[in-house]
Amino acid sequence: MFLMSGGFTHGELLEMALEDYGLDKKIEKVVLTYSLPDVILQQMAPDTPPMHVTNDRQVRNLIELAKTHFVRLCVSSQSQLEIFGVR
C-alpha cells in the first residue's frame, strides 16, 4: 500500500514499488496502472482500459485523483530477460 502525497516523481514511485515488492530494476520491468473510479467511468465508456502511469504528469494526475477518490494502484512486473527473448 502506498500513501501518496504531492511531490512524487515517476522515478520515485517506481523505486518505491521496486523496494516494497523486492524487485530488481536490472532484471524486472515494472508497469504501474490504475482503474478510474466508477463515478468517473459512468461519464466515460464502462470498458475504459486501465490508466498507465509512465511519467511525472501522470503521477501528479494520479495523486490529485487519489485526494478525492479511492484508487488502487496495480504494480506488475515482467522479467527483462523475457522482454529480450531470453528464457
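Residue check: LEU14 meets all listed conditions (1) modelled with pLDDT of 85 or more; (2) over 19 Å from ALA66 (Cβ atoms) but one, namely (2). Return yes when VAL86 is modelled with pLDDT of 90 or more and of a type in the set (Val, Ile, Thr) and no when it is not. Answer is no for this residue. Just to verify a result, which residue in the range 43-56, among those that are within 18 Å of HIS69 (Cα to Cα) and surrounded by 10 or more Cβ atoms within 10 Å (Cβ to Cβ), is farthest from the chain's Cα centre (by Cα)? Across the range 43-56, the extreme among qualifying residues is THR48. Suppose the filter is at pLDDT 85 or above, in a helix (DSSP H, G or I) and under 16 Å from the mean Cα position of the chain (by Cα); does VAL59 pass it? Criteria met by VAL59.
Exactly one residue out of TYR21, TYR34 is of a type in the set (Phe, Trp, Tyr), on the phi < 0 side of the Ramachandran plot, loosely packed, with under 15 Cβ neighbours inside 10 Å and in contact (Cβ under 8 Å) with a residue 40 or more places away in the chain, and it is TYR21.
Residues in the range 26-53 that are closer than 15 Å to GLU15 by Cβ and at pLDDT 90 or above: VAL30, VAL31, LEU32, VAL53.
Pick from GLU19, GLU64, GLU12: which is touching a helix residue (DSSP H, G or I) at 6+ places or on another chain (Cβ under 9 Å), assigned to a helix (DSSP H, G or I) and not basic (Lys, Arg)? The conditions single out GLU12.
Within the range 8-42, can you find the residues that are among the polar types (S, T, N, Q) and under 13 Å from the mean Cα position of the chain (by Cα)? Steps first, please.
Pass one, the range 8-42, residues among the polar types (S, T, N, Q): 9, 33, 35, 42.
Across the range 8-42, the qualifying residues are THR9, THR33, SER35.
The values are calculated or read from the model by the stated rules, or taken from the named source; none is laboratory data. The model shown is predicted, which means the values in this text are computed figures rather than measured ones. When we count neighbours, we look across all protein chains shown, and the Cβ atoms used for this are built from the backbone with ideal geometry, even at glycine.
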